[in-house]
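Colleague: Here you go, one structure.
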Amino acid sequence: MARIELHPLGVMKVQLGETITVGGGPKGSRMVIDVPSVELEGERIRAGLATNDAADWATFSEDGKLAALDVRLTLKTDDGAYIYVEYCGRMDAEAGLIAVAPTFETGSPQYQWLNSVQAVAAGAIDPDSGLLIYTIYEARAVAD
């Protein structure tokens with residue numbers, strides 16, 4: 001059998017920006033939320049948003065209490081490496097709590113270890129400021 005061990009990877013602060021409400025469709029009510037800034041800090045990584053094309057695509061349930069998230073962004077580390085990040089997850093819209101599963105892609109030799117990481121993260125959003133803070137963990141599969 002196998003199990004998962006969680007190892008701290010870092011804290012990611014995401015500032016949410018303008019929202020475009022696309023409206024109802026076959027999958028629910030879709031919103032596109034601009035992400036103007038991101039900061040990721042951990043023992044092995046420090047990075048910020050590299051481009052202005054980051055966004056959070058959220059599809060809300062009919063009652064608006066649950067959202068499915070689809071997020072993509074590119075980070076630039078403090079030493080100049082680029083890291084593509086994408087994650088999906090679920091949000092309890094009433095509580096402002098989020099669970100996501102990030103993955104990473106990079107060609108940088110220093111950050112190659114990220115290419116094999118499956119992360120999980122717990123987030124909380126402050127609806128007044130639009131600041132979303134994730135605690136990110138590396139999920140390592142280990143044999144019992």
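Colleague: Evaluate the distance, in nm, between pseudo-label points positioned 7 Å from the Cα of Met1 and of Ala101 along their respective Cα→Cβ axes.
Modeller: Simple spin-label model gives 2.0 nm for this pair.
Colleague: Report the net charge of residues surrounding Val22, where surrounding means a beta-carbon distance below 14 angstrom and charges are Lys +1, Arg +1, Asp -1, Glu -1. Show your work: numbers first, answer last.
Modeller: On the way: positive: Lys27, Arg30; negative: Glu18, Asp34, Asp56, Asp70.
So the surrounding residues net to -2.
Colleague: Now, a different point. Fully extended, how many nm does the chain gain between Tyr84 and Arg140 (0.36 nm per residue separation, minus their Cα-Cα distance)?
Modeller: Working: separation 56, 0.36 × 56 = 20.16 nm, distance 2.02 nm.
Full-extension gain reported as 18.1 nm.
Colleague: What is the set of long-range amide H partners of Ala50 at a cut-off below 5 Å, with H atoms built 1.01 Å from backbone N?
Modeller: Thr74, Leu75, Lys76
Colleague: Tell me, what HN-Hα J-couplings in whole Hz come from the Karplus equation 6.51 cos²θ - 1.76 cosθ + 1.60 at θ = phi - 60° for each residue of the stretch 132-142, using x for Gly and Pro?
Modeller: Working through the residues one at a time gives 10, 10, 9, 9, 10, 10, 7, 9, 9, 7, 9 Hz.
Colleague: Right, here's the next one. How high is the FRET efficiency between Glu43 and Asp92 when r is their beta carbon distance and R₀ equals 22 Å, given to the nearest 0.05?
Modeller: Working: r = 29 Å, r/R0 = 1.33.
About 0.15, to the nearest 0.05.
Colleague: Same structure, new question: Which residue, chosen from Pro36, Ala50, Thr106, occupies the Cα position most advanced towards the positive end of the dipole of the chain, where the dipole is computed from +1 (Lys, Arg) and -1 (Asp, Glu) charges on Cβ about the Cα centre?
Modeller: Thr106
Colleague: Quick check: pseudo-label points 7 Å beyond the Cα along Cα→Cβ at Thr21 and Ser108, how many nm apart are they?
Modeller: In this crude label model, Thr21 to Ser108 measures out at 3.9 nm.
Colleague: To continue, here is another question. Which residues in the stretch 104-144 place their backbone N less than 18 Å from a point set 7 Å from the Cα of Thr51 along the Cα-to-Cβ direction?
Modeller: Answer for this model: 104-108.
Colleague: Taking the Cα centre of the chain as the origin, how large is its charge dipole in debye, to the nearest 20, when only Lys and Arg (+1) and Asp and Glu (-1) carry charge on their Cβ atoms? Don't skip to the answer; put the middle values down first.
Modeller: Values: 11 positive and 21 negative charges, 61 e Å.
Using Cβ point charges on Lys, Arg, Asp and Glu, the chain gives about 300 debye.
Colleague: If you don't mind, another one. Provide the three semi-axes, in whole Å and in decreasing order, of the ellipsoid equivalent to the stretch 54-144 as defined by the square roots of 5 times the Cα gyration tensor eigenvalues.
Modeller: Values: eigenvalues 139, 54, 26 Å².
They are 26, 16, 11 Å, listed from largest to smallest.
Colleague: Within the chain, what whole-number % of the accessible surface is contributed by carbon and sulfur, with the 1.4 Å probe and all protein chains included in the calculation? Walk me through the numbers on the way to the answer.
Modeller: Numbers: 4290 of 8130 Å².
The computed percentage sits at 53.
The values are calculated or read from the model by the stated rules, or taken from the named source; none is laboratory data. Note that the structure is a prediction, hence the values are computed from the model and not measured. Here Cβ is always computed from backbone atoms with ideal geometry, including for glycine, and neighbour counts include all displayed protein chains. Surface areas here come from the heavy atoms of the whole protein model, side chains and all, with no ligands, DNA or RNA. Shrake-Rupley method; radii C 1.70, N 1.55, O 1.52, S 1.80 Å.
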